[in-house]
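Before any comments, here is the structure.
The values are calculated or read from the model by the stated rules, or taken from the named source; none is laboratory data. Everything quoted here is computed from the prediction, not taken from an experiment. Here the Cβ positions follow ideal geometry from the backbone for every residue, glycine too, while neighbour counts run over all protein chains shown.
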Amino acid sequence: MNEVTEFIIGIDLGSAGLIGGLAKRDPAGTTQLLAIRHLPAKSEIRRGVVHNVEVVASQIKELLALLLASQHLDAKVVRVNIGMNGYSLRSVETRSVLPFSGNERLLDSHLDDLKDDAQNGLPEGYEPMDIFPQEFLVDGKPDLNPVGTMPLKVEGRYQTVIGRPFLSKGLDACFESLNMEYTPILGPLATAEAVLRPEEKKRGVAVFDFGAQTTSLIVFKNNIIRYLAILPMGGEQITKDLQSANLDAQEAEQYKLERGSALHYADQLGDEEGDQGLAAISDQEKEFNEILVARVEEIVENLYVQLHYAGVELPKLTDGIVITGGGSRLKDLSTLINKKTGLNVRIGMPAKGFSSLPEGVELGPEEALCAGLLLLGQKACLAPFKPVEAPKPSTGSDQQPDGTDVKPV
């Protein structure tokens, strides 16, 4: 089957909704965004994990139809890039050692053996999802490119991303029912691709992605992924907490989006407003604010703890923290994170990686993961439908002049 090589599809299976994107890649390697479409989730994706295969497969099919219709494409979807964003994903430090004679040249195949061996002995109940080299030690000394050396011993150190097997089982079942392939891409990696500049990855930076039911982080230093984790907490918990103050779900969500702040009122008001400003705020508003801030502070505190697992001193994250995802729109969230970490914080907007966007489309932080899937996707996602061959016209050799069939003697 001849593939339509220039088209790439990515889908972010979020707990709050599905976001699908269609892009076109030209021969020079630049990527043009053609369409972004949203579908509200039906509560069957929970903390990044497929819960109901039939419902999620149906929504994926609906979303793909919307993307193709947006460009009037008469083609078949053969592959989709999917963000892996389940709550059990995290990276762990792994190591592997190979002995040598000192007379043998180290080859690329030896590095492959090191990498494979480093994925053994993982925590029980987890499987490897990806692996990122950190450094190599040749006879105990760091070596950025050990291939070609003749060591007595070489050691590889890695960050191996692990996850529970159920993360991929649900996706396998979905795409088997749809009769198409999928390419799994780590969600935090895709998000980082969409919002970071290359120089930020070198100087040192962390990305926090605030979702509905999960919050992820990924840390870069010297162009190396130093740590990755996904936490089972997000914006939906804030909404549910507010419902405990006698708000229904819609009212709680509206308060969070329109009047919510990540800071206590006392911290929001300047010295000039002081006690007088606080007195003007109703007790009910203060209660809502305290409930919201308590949960946001818990999420930020957990992210702060996770940052230290990266093994990079915070001051060495020269480019600070980039926040993205729908939750990053919460008022004063950047200020809260800055106060906690002492690092500069900015909101990551994902449009930078595309050569052009559709007219009237502006990508927001909630679309960063989907955008990254389109930028990282390598394989063609569409193939033309095979035309139905028309019946061959009769040559007349099998018929009498009057049209009657020739019967064998």
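Taken together, the residues in the stretch 134-148 that are more than 27 Å from the chain's Cα centre (by Cα) and either over 17 Å from residue 109 (Cα atoms) or surrounded by 15 or more Cβ atoms within 10 Å (Cβ to Cβ) (or both) amount to 9. For the stretch 173-194, which positions are in a helix (DSSP H, G or I) and under 15 Å from the mean Cα position of the chain (by Cα)? Residues satisfying the conditions are 187, 188, 189, 190, 191, 192, 193, 194. (1) farther than 23 Å from residue 16 by Cα; (2) at pLDDT 85 or above; (3) not charged (D, E, K, R): which one isn't true of residue 401, the others all being true? Residue 401 satisfies all of (1) farther than 23 Å from residue 16 by Cα; (2) at pLDDT 85 or above; (3) not charged (D, E, K, R) except (2).
Look at (1) of a type in the set (A, V, I, L, M); (2) part of a strand (DSSP E or B); (3) surrounded by fewer than 23 Cβ atoms within 10 Å (Cβ to Cβ); (4) under 18 Å from the mean Cα position of the chain (by Cα) and you find that residue 23 fails only one, number (3).
Checked against the criterion of being at pLDDT 95 or above, farther than 17 Å from residue 177 by Cα and surrounded by 15 or more Cβ atoms within 10 Å (Cβ to Cβ), the candidates 63, 73, 67 yield just one match: 67.
Within the group 382, 373, 317, 369, which residue is over 25 Å from residue 296 (Cβ atoms) and at pLDDT 95 or above? Selected residue: 373, the only one of 382, 373, 317, 369 that is over 25 Å from residue 296 (Cβ atoms) and at pLDDT 95 or above. Can we say residue 79 is in contact (Cβ under 8 Å) with a residue 60 or more places away in the chain, among the basic types (Lys, Arg), touching a strand residue (DSSP E or B) at 6+ places or on another chain (Cβ under 8 Å) and surrounded by 21 or more Cβ atoms within 10 Å (Cβ to Cβ)? In short, no. Anything in the stretch 125-181 that is under 24 Å from residue 77 (Cβ atoms) and in contact with a His (Cβ under 8 Å, 6 or more places away or on another chain)? List them, or say none. Within the stretch 125-181, just 170 meets the criteria. Could we say that residue 48 is within 20 Å of residue 168 (Cα to Cα), surrounded by fewer than 22 Cβ atoms within 10 Å (Cβ to Cβ) and under 18 Å from the mean Cα position of the chain (by Cα) here? Answer is no for this residue. Can we say residue 64 is under 19 Å from the mean Cα position of the chain (by Cα), closer than 25 Å to residue 353 by Cβ and without any contact (Cβ under 8 Å) to a residue 60 or more places away in the chain? For residue 64, the condition - under 19 Å from the mean Cα position of the chain (by Cα), closer than 25 Å to residue 353 by Cβ and without any contact (Cβ under 8 Å) to a residue 60 or more places away in the chain - is met. Residue pairs, Cβ under 6 Å, 6 or more apart or interchain, first in the stretch 198-221 and free of Cβ contacts under 8 Å to residues at least 40 places away in the same chain, second of a type in the set (Gly, Ala, Ser) and surrounded by 22 or more Cβ atoms within 10 Å (Cβ to Cβ). List them. Here the result reads 218/192, each pair linking the stretch 198-221 to a residue that is of a type in the set (Gly, Ala, Ser) and surrounded by 22 or more Cβ atoms within 10 Å (Cβ to Cβ).
Where strands (runs of 3 or more DSSP E) fall entirely within the stretch 195-268, none has at least 2 residues that are at pLDDT 95 or above, among the hydrophobic types (A, V, I, L, M, F, W, C) and out of contact with any helix residue (DSSP H, G or I) (no Cβ under 9 Å at 6 or more places or on another chain). When you check residue 123 against the structure, is it more than 11 Å from residue 157 (Cα to Cα), assigned to a strand (DSSP E or B) and without any contact (Cβ under 8 Å) to a residue 40 or more places away in the chain, yes or no? Considered against the rule, which asks whether it is more than 11 Å from residue 157 (Cα to Cα), assigned to a strand (DSSP E or B) and without any contact (Cβ under 8 Å) to a residue 40 or more places away in the chain, residue 123 comes out as no. Under 19 Å from residue 197 (Cα atoms), modelled with pLDDT of 95 or more and surrounded by 14 or more Cβ atoms within 10 Å (Cβ to Cβ), is that true of residue 295? It is false that residue 295 is under 19 Å from residue 197 (Cα atoms), modelled with pLDDT of 95 or more and surrounded by 14 or more Cβ atoms within 10 Å (Cβ to Cβ). Here the condition is being under 18 Å from the mean Cα position of the chain (by Cα) and surrounded by 22 or more Cβ atoms within 10 Å (Cβ to Cβ); of 89, 39, it holds for 89 alone.
Would the stretch 101-115 turn up any residue that is touching a Lys or Arg at 6+ places or on another chain (Cβ under 8 Å) and touching a residue at least 12 places away in the same chain (Cβ under 8 Å)? No: the stretch 101-115 contains no residue that is touching a Lys or Arg at 6+ places or on another chain (Cβ under 8 Å) and touching a residue at least 12 places away in the same chain (Cβ under 8 Å).
Looking only at the stretch 202-235, how many residues end up being surrounded by fewer than 19 Cβ atoms within 10 Å (Cβ to Cβ), touching a Ser or Thr at 6+ places or on another chain (Cβ under 7 Å) and more than 14 Å from residue 306 (Cβ to Cβ)? Here the count works out to 1. Can you tell me which residue within the stretch 128-154, out of those that are of a type in the set (D, E, K, R) and in contact (Cβ under 8 Å) with a residue 40 or more places away in the chain, is nearest to residue 224 (Cα to Cα)? It comes out as 130. Just a yes or no: is a residue in the stretch 160-180 more than 26 Å from residue 21 (Cβ to Cβ), among the polar types (S, T, N, Q) and either at pLDDT 95 or above or in the same structural domain as residue 118 (by TED's automatic domain parsing) (or both)? Within the stretch 160-180, one or more residues are more than 26 Å from residue 21 (Cβ to Cβ), among the polar types (S, T, N, Q) and either at pLDDT 95 or above or in the same structural domain as residue 118 (by TED's automatic domain parsing) (or both).
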